[in-house]
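No lab work stands behind these numbers, since they all come straight from the coordinates. The model shown is predicted, which means the values in this text are computed figures rather than measured ones. FYI the Cβ positions are ideal-geometry reconstructions off the backbone, even for glycines, and counts take in every protein chain you see.
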Ligand SMILES: [Zn+2]
């Protein structure tokens with residue numbers, strides 16, 4: 001184990017959980033045994049955690065944030081997560097024994113018992129998504145794989161062979177890694193941005209790290225702004241409503257964790273992947289339960305080299321959105337046009353099309369957007385494109401031993417992303 005977790009924030013870190021899964025896989029060649037080993041490592045690490053106030057990485061001066069994190073830890077330690085691990089492991093074992101219907105029913109009854117069918121992601125709105133493909137391409141070429149080309153669809157984590165999904169990434173780096181490209185050599189790839197026009201009407205199962213996200217991006221700034229969180233305490237610690245949210249997010253954290261094992265063996269024939277059985281069953285269940293798609297964390301980014309500088313950052317640059325397509329057999333259409341119509345899709349660009357943009361220019365556009373727009377929604381869009389995205393990627397760096405870290409925006413992927421963000425902001429000005 002490269003890291004040892006001291007506090008809840010260490011434990012919830014995506015890289016730490018990824019290390020735990022790797023250790024479990026290392027200890028057991030069969031995936032069902034690796035699932036059991038991971039559950040044990042997870043419980044052991046969780047029970048050994050202490051207060052954030054004594055963690056060298058996460059120690060913060062704010063007593064209210066510290067209190068909140070420590071109370072959240074106590075609550076999490078008191079929750080019975082073992083039944084989720086057991087339920088998912090049984091569903092896996094049933095599936096590899098060839099009893100697919102029974103495996104699906106096990107997942108379904110577990111999700112209903114846990115109340116996962118009633119959840120939805122609240123984290124779709126404030127972001128710009130990206131998509132890419134090899135070649136000099138047109139916008140239409142960056143839609144999902146056409147219904148007439150199902151034979152081109154490979155075995156993916158959240159999709160069964162032959163089912164086209166619309167895959168989007170939250171960063172160009174993520175998109176490049178998902179395509180299997182070396183992030184420094186993407187000159188012959190085309191990328192475009194996808195903006196979800198109305199996130200409120202899209203219901204997505206959030207298997208990302210919303211537990212960490214909410215502590216770091218909601219609670220910490222609230223405490224930092226002077227909120228006396230401790231005074232909200234009720235008998236048993238956190239306010240009841242927050243306890244409920246933490247418990248719901250913890251369940252999802254465990255489900256996402258067992259769906260995020262890296263593929264051990266990648267073969268040229270793209271054959272069966274044990275690590276994809278549970279995520280694919282989850283995707284099947286989510287589709288049957290009227291979710292529009294799944295938000296999840298990529299396992300393909302090389303986190304040894306690409307990381308957030310400092311320990312106190314969020315890993316949203318690795319998030320992916322996979323949206324289900326609907327196929328209507330009596331129509332001749334090759335794409336799910338109603339799904340595509342939910343997005344504003346930019347023309348694709350390549351690395352060679354990117355022009356250098358200075359910070360001054362971006363600041364100036366941002367100002368014009370904020371000052372010039374009357375419509376509240378468009379103002380929000382402009383702010384989101386210019387500010388939130390900058391903040392989210394601010395600390396991302398490419399790091400190599402003995403060399404200075406390279407900020408993301410100076411890498412090829414970062415430059416492409418920044419330019420697409422600028423084009424998106426400019427389109428807001430034109431619309432106004
Ligand atoms: Zn810590």
Here the relative contact order (percent) of the chain, from C-alpha pairs under 8 Å and at least 6 apart, is 20 percent
So the FRET efficiency between residue 54 and residue 120, C-beta based with R0 = 35 Å and rounded to 0.05, is 0.45
Contact order relative to length for the stretch 90-217, counting C-alpha pairs under 8 Å separated by 6 or more residues, stands in percent at 30 percent
Hits in the stretch 159-180: amide N under 16 Å from the 7 Å Cα→Cβ extension of residue 329, namely 163
Rounded to one decimal in Å, the inverse mean reciprocal Cα-Cα distance for the chain, i.e. its Kirkwood radius, is 22.9 Å
Ranked from fewest to most other Cβ atoms within 10 Å of their own Cβ, 361, 52 fall in the order 361, 52
Ordered by fewest other Cβ atoms within 10 Å, a rough proxy for footprinting exposure, 360, 334, 70 read 360, 334, 70
Per GNM of the chain with C-alpha springs under 10 angstrom, the most fluctuating residue out of 159, 358, 148 is 358
Taking a crude spin-label model, label points 7 Å out from Cα along the C-beta direction, the residue 96 to residue 26 distance in nm is 2.1 nm
Quick note, the stretch 160-275: a/c under 1.5 would make it rounded; otherwise a/b > b/c is prolate and the rest oblate (a ≥ b ≥ c, C-alpha gyration tensor); here it is prolate
Least to most buried among 425, 282, by other C-beta atoms within 10 Å and fewest first, runs 425, 282
Gyration tensor (Cα only) of the stretch 1-124 to equivalent ellipsoid, semi-axes in Å sorted down, yields 31, 19, 11
Distance in nm between residue 160 and residue 33 label points, each 7 Å along Cα→Cβ, equals 2.9 nm
The rounded separation in angstrom of the Cα centers of the stretch 243-305 and the stretch 27-80 is 20 Å
Note to self: Kirkwood Rh of the stretch 223-331, Cα pairs, one decimal, Å, is 17.9 Å
For the stretch 186-274 the mean separation of alpha carbon contacts under 8 Å (6+ apart) over residue count, i.e. relative contact order in percent, is 34 percent
Rounded to the nearest whole number, the Stokes-Einstein translational diffusion coefficient of the stretch 36-101 at 37 °C and 0.692 mPa s (Kirkwood radius, C-alpha pairs) in µm²/s is 230 µm²/s
In this structure, the FRET efficiency calculated for residue 63 and residue 43 from their beta-carbon separation, with R0 = 30 Å, to the nearest 0.05, is 0.55
Two pseudo-spin positions, 7 Å from Cα along C-beta at residue 245 and at residue 399, lie apart in nanometres by 3.0 nm
